[in-house]
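Let me give you the structure first, and then I'll get to my questions.
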Amino acid sequence: MGVNRRSFIKYASLAAAGNAAGLRPFGALNALAQSGSSYKALVCVFLYGGNDANNTLIQFDTAGYANYASVRGPLAIPQSQLLQLGPLPTFALNPNLPDIQTLFNNKNAALVANVGTLIEPTTKAQYQAGTGLPTNLFSHPDQQLEWQNAAQSGATATGWAGRIADTINLTYNTGASVPMITSVAGDTLFCNGSASTPVSVSPGNLGGATCSEGTTECGAQLATAQALLSFNSGLTLVQADNSITSNAYSYAQTLVAATQSVTPLKTVFPTGNALGAQLQQIAQIIQVRAALGVSRQIFFCGVGNFDTHSNQLALQNGLLASISPALAAFYNATVEMGVQSEVTSFTMSDFSRTFQPNSNTGSDHAWGSHHIVMGGAVKGGQMYGTFPTLALNGPDDSGTNGRWVPSTGSVQYAATLASWFGVSAAQMPAIFPNIGSFATANLGFV
């Protein structure tokens, strides 16, 4: 198995000092500091496995619901259980998303309909002709990568958040003590740039790269790690990453010291909730943004498994029931900190699932999906994009079982967020190479 650049750093750290696993090593920092601009943060919530959007956002009018129920069969949720949206009364949410309903009704959340990986605007006819399509549609690993790199090829080695950091780091974060991007869900393509790499922490373990085994033992571990990292093997890979990995220790100490210097947030996050723990960690890092010297931050978190080929109702309902209070608690934490208008959270997922159920009371891999955007800056209480025609073999079905051809490209979704974050129109093509193929680069939801 090949070892890529970041994997090498990870393996080297673990081998030399086993307790460094809590903090992913990252590159030597550019000189980052406040540029006088107000603070902004993007928070990506990745729903691994392909969340079934057809049972997340549901038509609530009489004809729309009747069509939904007739096609979905055993996957149909009773209309009486659905959560009708006040500003959008012909639509409703899954009954396990009450907090999202409240946020939407209060105009602090929006929905973006039928978004998917696209190289260019694509019709059903183009799909069936096989022209201008992203690589390996309906494949979990490829579509996860393509959502994260916004390049519609799994071979692209950088993520769109990483390319944002490459482009505007020096503008906004000159003098910061940590990188622009933090992952609380491990190493992920979304965070990786060409000239920048993220810090990664384990929820509840900001000090994962510190040592608690005593002064002598810790000193020996650190010396061993640094000796390994300074070893000159003649390989460019090793030489380039010597300074990268050694910085992990000091960054861990910086994060720990910063978070320990403030009063803990009062917002209560749901216990026993994986996403809640990740979002709580993100909130704690945002709380100490001034001490870290950052005015722009991007965070990545993720949960699964939404790959519901069988027993879908129970599995998806349980997952959504955990996501809803976690997102609400995070929003409440931003309100407590007074940064609700400076923090925008958004979902991504591999793809949606077929409208027609399979024979195992589940659904199979599909394409266009609906997503949630949340925050005080969001123009909430609205749906953006175009909701598909829910007809098997209809104008939006790529085949015959309800795999909707996206009406909005994931690159447009990402570019809208990037524009709010501070990326200029002139910088967009460097971050999103195919954005020029679309009539609009800004969907207007934030």
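The values are calculated or read from the model by the stated rules, or taken from the named source; none is laboratory data. Fair warning: this is a prediction, and the values are worked out from it, not measured in the lab. As a convention, Cβ positions derive from the backbone with ideal geometry for all residues, glycine included, and neighbour counts pool all protein chains shown. Note: areas computed on protein heavy atoms with side chains; ligands, DNA, RNA excluded. Shrake-Rupley method; radii C 1.70, N 1.55, O 1.52, S 1.80 Å.
Residue separation times 0.36 nm, minus the C-alpha to C-alpha distance between THR102 and SER139: what's the value?
On the way: separation 37, 0.36 × 37 = 13.32 nm, distance 3.38 nm.
The span from THR102 to SER139 would gain 9.9 nm if fully extended.
Let me know the shape class of segment 252-387, please: from the alpha-carbon gyration tensor, a ≥ b ≥ c as square roots of the eigenvalues, rounded when a/c is under 1.5, otherwise prolate if a/b is greater than b/c, or oblate.
prolate
Shifting gears a bit: Under a straight-distance cross-link criterion of Cα-Cα below 15 Å, which aspartates and glutamates are reachable from LYS40, leaving out those fewer than 8 residues away in the same chain?
GLU342
Shape call for segment 48-201 from the C-alpha gyration tensor, a ≥ b ≥ c root eigenvalues: rounded (a/c under 1.5), prolate (a/b greater than b/c) or oblate?
On the way: a/c = 2.60, a/b = 1.54, b/c = 1.69.
Oblate.
Estimate the FRET efficiency between SER38 and THR386 by the formula 1/(1 + (r/R0)^6), using the beta-carbon distance for r and 45 Å for R0, to the nearest 0.05.
Values: r = 33 Å, r/R0 = 0.73.
For R0 = 45 Å, the calculated efficiency reads 0.85.
Mind checking which aspartates and glutamates have their C-alpha under 16 Å from LYS266, skipping anything on the same chain fewer than 8 residues away?
Within reach: GLU336.
Expected output is a single nm value to one decimal: the length gained when fully extending between THR131 and SER341, i.e. 0.36 nm times separation in residues minus the C-alpha distance. What is it?
Extending this stretch completely gives an extra 71.5 nm.
Using each residue's phi in segment 91-107, evaluate 6.51 cos²θ - 1.76 cosθ + 1.60 at θ = phi - 60° and report the 3J(HN,Hα) Karplus result to the nearest Hz, with x for Gly and Pro.
Values per residue, Gly and Pro as x: 10, 9, 9, 3, x, 8, 10, x, 5, 5, 4, 4, 4, 5, 5, 8, 6 Hz.
Next up: Determine the order of ARG163, ARG403 by accessible area, beginning with the largest, at a probe radius of 1.4 Å.
Sorted descending by solvent-accessible area, the residues read ARG403, ARG163.
Can you pull the percent of segment 354-430's accessible area that's carbon plus sulfur, 1.4 Å probe, other chains left in place? Walk me through the intermediate numbers first.
Values: 1130 of 2380 Å².
The value for segment 354-430 is 48 percent carbon and sulfur by accessible area.
Any idea how far apart LEU170 and SER70 come out in nm if each label point goes 7 Å out from Cα toward Cβ?
Modelled inter-label distance: 6.2 nm.
To continue, here is another question. Compute the length gained on full extension between ALA155 and GLN81: take 0.36 nm times their separation in residues and subtract their Cα-Cα distance, giving the result in nm to one decimal.
Working: separation 74, 0.36 × 74 = 26.64 nm, distance 4.28 nm.
Between ALA155 and GLN81, full extension yields 22.4 nm more.
Among residues other than ASN393 whose Cβ falls under 14 Å from its Cβ, what is the net charge (Lys/Arg +1, Asp/Glu -1)? All intermediate terms of the calculation are to be shown ahead of the outcome.
Details: positive: LYS124, ARG403; negative: ASP396, ASP397.
Result for the neighbourhood of ASN393: 0.
Another question, if that's okay. Under 1.5 on a/c is rounded, so check that first for segment 310-424, then, if it is not, pick prolate when a/b is larger than b/c and oblate when it is not; a ≥ b ≥ c are the square roots of the alpha carbon gyration tensor eigenvalues.
Details: a/c = 3.05, a/b = 1.52, b/c = 2.00.
Oblate, because a/c is 1.5 or more while a/b does not exceed b/c.
May I ask you to evaluate 6.51 cos²θ - 1.76 cosθ + 1.60, the Karplus curve with θ = phi - 60°, for each residue of segment 310-327 and list the ³J(HN,Hα) values in order in whole Hz, giving x for glycine and proline?
My calculation for segment 310-327 gives 8, 6, 5, 4, 5, 5, 5, 4, x, 5, 5, 5, 8, 6, 4, x, 5, 5 Hz in order.
Further question on the same structure: What are the aspartates and glutamates whose alpha-carbon lies under 15 Å from the alpha-carbon of LYS124, with same-chain residues fewer than 8 places away excluded?
ASP396, ASP397
Then there's this: Would you please give the residues with an amide H less than 5 Å from that of GLY302, counting only those at least 5 places away or on a separate chain, with H modeled from the backbone geometry?
Here PHE46 satisfy the definition.
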